[in-house]
Amino acid sequence: MIELTGNILTIDQLKKVLYGSEQVFVAEESLEKARASREAVDKIVAGNRTVYGINTGFGKFSDVKIEEENVAELQLNLIRSHACGIGDYFPKTVSKTMMLLRLNALIKGHSGVRIEVIEMLTALINHNIIPVIPQQGSLGASGDLAPLAHLALVLVGEGKVFDESNGLVDSLKVLNKYDIKPINLQAKEGLALINGTQAMTAMGVINYILAEQLAFDSEWISSMTFESLEGITDAFMPETHEARGFPQQTAVAKRMLNRLEGSKLTTRQGEKRVQDAYSLRCIPQVHGASWQVLDYVKEKLEIEINAATDNPLIFDNGKMVISGGNFHGQPIGFAMDFLKIAIAELANISERRTERLVNNQLNGGLPAFLSPEPGLQSGAMIMQYVAASLVSENKTLAHPASVDSIPSSANQEDHVSMGTIGSRHATSIIKNSRRVLSIEAICAMQALEYKGVERASEKTQRKWSLVNEIVPSLKKDRAFHQDIDRLNNYLKEIKV
């Protein structure tokens with residue numbers, strides 16, 4: 001069981017819930033903070049103070065006072081009207097993460113929701129009841145209104161959830177199955193559920209988990225290519241990397257040397273050539289720079305998953321209720337745009353290594369396109385085309401979403417982050433890059449077979465044998481898209 005406090009949730013803990021079937025519970029001290037925050041809201045509703053989001057309209061309607069008898073209707077109207085997302089649905093892991101992050105934010109004690117809301121979110125997470133949430137429609141400020149409104153619909157017994165076969169079913173049917181009663185939203189609760197950055201951040205968390213794994217996979221794949229091309233290991237010696245000073249670069253070089261230890265295929269300076277092409281020689285510098293970005297992204301995500309991002313926020317038992325802008329997704333928008341570039345570059349350099357493997361003018365005597373019968377059989381020729389196509393698409397997707405802004409709500413919300421678009425584009429780049437690296441792996445495996453797998457390092461031999469069970473050797477031309485898909489599916493399996 002993972003304890004949620006609102007303050008110390010980590011990505012590693014999220015992985016255990018999302019991929020390891022861990023359940024969650026809320027710390028008692030956090031429940032007490034939530035109760036105190038709710039009492040403050042009740043006092044405001046019963047009194048004469050006008051407070052945004054509690055007894056006023058929203059956005060441009062913030063100056064419209066709502067009477068006490070209409071406060072509950074106001075919250076339900078908010079959820080229904082804002083649930084207008086469109087497009088493909090977020091993956092189940094992302095939607096579940098949204099619930100986790102929204103719950104973790106509400107229990108910080110600044111949002112003013114009742115314990116019933118907290119208990120219901122906890123029950124949905126632990127019963128794996130996943131809301132169906134369209135991906136498009138968020139500007140990333142005021143938070144992720146449309147996606148989170150679809151999440152909130154489930155709490156009131158409306159909207160859809162995924163069934164066990166990934167179909168869609170009315171949420172009320174599933175709630176009844178688990179004897180979970182829909183809630184009747186009270187003052188501020190609708191706004192507290194939808195005003196935050198949890199869609200972009202949830203997708204950001206999943207992106208980070210997948211990107212981190214891909215970065216590690218890029219190392220065994222590139223080391224296999226390195227051996228196939230009889231690369232020069234001097235470029236990985238620690239002296240060079242310590243002289244520069246980036247710890248991530250030094251770490252990649254160390255891991256590469258570890259993977260290549262004992263290889264009879266690698267060479268030293270001057271044995272066959274003085275130096276390698278950049279796509280081999282600069283693996284620590286390029287991959288290491290991507291690891292720098294991953295470290296940056298992880299830091300920002302772990303701040304945001306423990307942040308209060310709704311509006312207004314309640315402090316000092318309701319003596320201060322502050323309308324601010326923590327819902328603005330700029331920090332996560334920047335992080336996702338940065339992640340896009342880092343992962344696109346892992347694919348860029350991977351495609352260049354693939355070209356060296358298949359080009360008989362560059363591959364050190366291997367058959368052209370690694371074909372078993374060059375001319376009669378095309379071998380890996382078109383796999384390199386596919387990799388080139390994917391990295392070209394990545395270059396378009398890597399354009400930063402966060403440099404754009406469109407005013408909304410009659411110009412009240414006149415600068416927005418587009419962070420959710422950045423998160424979605426990062427997902428696409430990760431998918432494309434995983435396939436590019438799958439193609440490099442297939443080509444490297446075939447090249448290594450020509451060179452002699454038994455001459456490779458022990459670590460490479462073990463990996464080759466494992467992956468060769470998934471993608472057999474290229475003995476004859478076949479529909480290679482199936483090989484790419486199988487290896488892609490292997491690479492995207494999350495190891496908890």
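Being buried (at least 16 other Cβ atoms within 10 Å of the Cβ), at pLDDT 95 or above, within 23 Å of residue 210 (Cα to Cα) and under 27 Å from the mean Cα position of the chain (by Cα) is a condition met by at least one residue of the range 442-457.
Being assigned by TED's automatic domain parsing to the domain that holds residue 237, without any contact (Cβ under 8 Å) to a residue 40 or more places away in the chain and surrounded by fewer than 23 Cβ atoms within 10 Å (Cβ to Cβ): is that true of residue 288 here? Break it down stepwise before answering.
Values: assigned by TED's automatic domain parsing to the domain that holds residue 237: yes; without any contact (Cβ under 8 Å) to a residue 40 or more places away in the chain: no; surrounded by fewer than 23 Cβ atoms within 10 Å (Cβ to Cβ): yes.
So residue 288 does not fit the description; no.
Can residue 137 be described as modelled with pLDDT under 95 and within 29 Å of residue 408 (Cα to Cα)? The answer is yes for residue 137.
Please work out which residue is farthest from residue 204 (Cα to Cα), limiting yourself to the range 8-50 and to residues that are among the hydroxyl-bearing types (Ser, Thr, Tyr) and free of Cβ contacts under 8 Å to residues at least 40 places away in the same chain.
Pass one, the range 8-50, residues among the hydroxyl-bearing types (Ser, Thr, Tyr): 10, 19, 21, 30, 37, 50.
With the extra rule that they be free of Cβ contacts under 8 Å to residues at least 40 places away in the same chain, the set shrinks to 21, 50.
Working: 21: 20, 50: 36 Å.
Looking at residues that are among the hydroxyl-bearing types (Ser, Thr, Tyr) and free of Cβ contacts under 8 Å to residues at least 40 places away in the same chain, I get 50.
Would it be correct to say that residue 154 is crowded, with 24+ Cβ neighbours inside 10 Å and free of Cβ contacts under 8 Å to residues at least 40 places away in the same chain?
Values: crowded, with 24+ Cβ neighbours inside 10 Å: yes; free of Cβ contacts under 8 Å to residues at least 40 places away in the same chain: yes.
Considered against the rule, which asks whether it is crowded, with 24+ Cβ neighbours inside 10 Å and free of Cβ contacts under 8 Å to residues at least 40 places away in the same chain, residue 154 comes out as yes.
Criterion applied to 316, 295 was being out of contact with any Gly (no Cβ under 7 Å at 6 or more places or on another chain), modelled with pLDDT of 95 or more and surrounded by fewer than 20 Cβ atoms within 10 Å (Cβ to Cβ), and the one residue passing it is 295.
Scanning the range 474-496 for residues that are assigned to a loop (DSSP other than H, G, I, E, B) and under 21 Å from residue 208 (Cα atoms) gives 492, 493, 494, 495, 496. In the condition set (1) farther than 15 Å from residue 93 by Cα; (2) touching a residue at least 24 places away in the same chain (Cβ under 8 Å), residue 161 is compliant with all but (1).
Determine if the range 352-361 includes at least one residue that is among the hydrophobic types (A, V, I, L, M, F, W, C) and more than 30 Å from residue 112 (Cα to Cα). The answer is yes; a qualifying residue exists.
Just one of the listed residues (107, 115, 133, 79) is touching a residue at least 24 places away in the same chain (Cβ under 8 Å), surrounded by fewer than 24 Cβ atoms within 10 Å (Cβ to Cβ) and either β-branched (Val, Ile, Thr) or not assigned by TED's automatic domain parsing to the domain that holds residue 24 (or both), and it is 115. In the range 34-76, of all residues being buried (at least 17 other Cβ atoms within 10 Å of the Cβ) and within 30 Å of residue 12 (Cβ to Cβ), the one that is nearest to the chain's Cα centre (by Cα) corresponds to 34. Apart from one condition, residue 255 fits all of (1) surrounded by fewer than 16 Cβ atoms within 10 Å (Cβ to Cβ); (2) of a type in the set (Lys, Arg); (3) at pLDDT 95 or above; the exception is (1).
Taking the condition over 30 Å from residue 488 (Cα atoms), modelled with pLDDT of 95 or more and either part of a loop (DSSP other than H, G, I, E, B) or of a type outside the set (D, E, K, R) (or both), does residue 209 pass? Step through it out loud before you land on a result.
Details: over 30 Å from residue 488 (Cα atoms): no; modelled with pLDDT of 95 or more: yes; either part of a loop (DSSP other than H, G, I, E, B) or of a type outside the set (D, E, K, R) (or both): yes.
It is false that residue 209 is over 30 Å from residue 488 (Cα atoms), modelled with pLDDT of 95 or more and either part of a loop (DSSP other than H, G, I, E, B) or of a type outside the set (D, E, K, R) (or both).
Among the residues of the range 414-430, those that are of a type in the set (Gly, Ala, Ser), surrounded by 23 or more Cβ atoms within 10 Å (Cβ to Cβ) and assigned to a helix (DSSP H, G or I) comprise 419, 422, 423, 426.
Within the range 378-406, residues that are in the same structural domain as residue 363 (by TED's automatic domain parsing) and part of a helix (DSSP H, G or I) reach partners that are at pLDDT 95 or above and basic (Lys, Arg) with beta carbons closer than 7 Å, at six or more positions or on different chains, in the pairs 390/435; 397/340.
In summary, residue 189 fulfils each of the numbered conditions (1) surrounded by fewer than 24 Cβ atoms within 10 Å (Cβ to Cβ); (2) of a type outside the set (A, V, I, L, M, F, W, C); (3) farther than 27 Å from residue 424 by Cα; (4) assigned by TED's automatic domain parsing to the domain that holds residue 72 with the single exception of condition (1).
Of 261, 230, all but one fail to be crowded, with 18+ Cβ neighbours inside 10 Å, among the acidic types (Asp, Glu), touching a residue at least 40 places away in the same chain (Cβ under 8 Å) and more than 26 Å from residue 16 (Cα to Cα); the exception is 230. Checking the stated criteria, residue 249 turns out to be over 18 Å from residue 444 (Cβ atoms) and surrounded by 16 or more Cβ atoms within 10 Å (Cβ to Cβ).
Specify which of the listed residues (466, 437, 474) is among the aliphatic types (A, V, I, L, M), in contact with an Asp or Glu (Cβ under 8 Å, 6 or more places away or on another chain) and closer than 23 Å to residue 226 by Cα. Before you say what the answer is, go through the steps one by one.
Working: 466 fails: in contact with an Asp or Glu (Cβ under 8 Å, 6 or more places away or on another chain); 474 fails: in contact with an Asp or Glu (Cβ under 8 Å, 6 or more places away or on another chain).
Exactly one residue qualifies, and that residue is 437.
Residue 54 satisfies every condition listed in (1) in contact (Cβ under 8 Å) with a residue 40 or more places away in the chain; (2) under 20 Å from residue 202 (Cβ atoms) except (2).
The values are calculated or read from the model by the stated rules, or taken from the named source; none is laboratory data. Model, not experiment: these values are computed from the prediction. Here the Cβ is made from the backbone with ideal geometry for all residues, glycine too, and neighbour counts use every protein chain on show.
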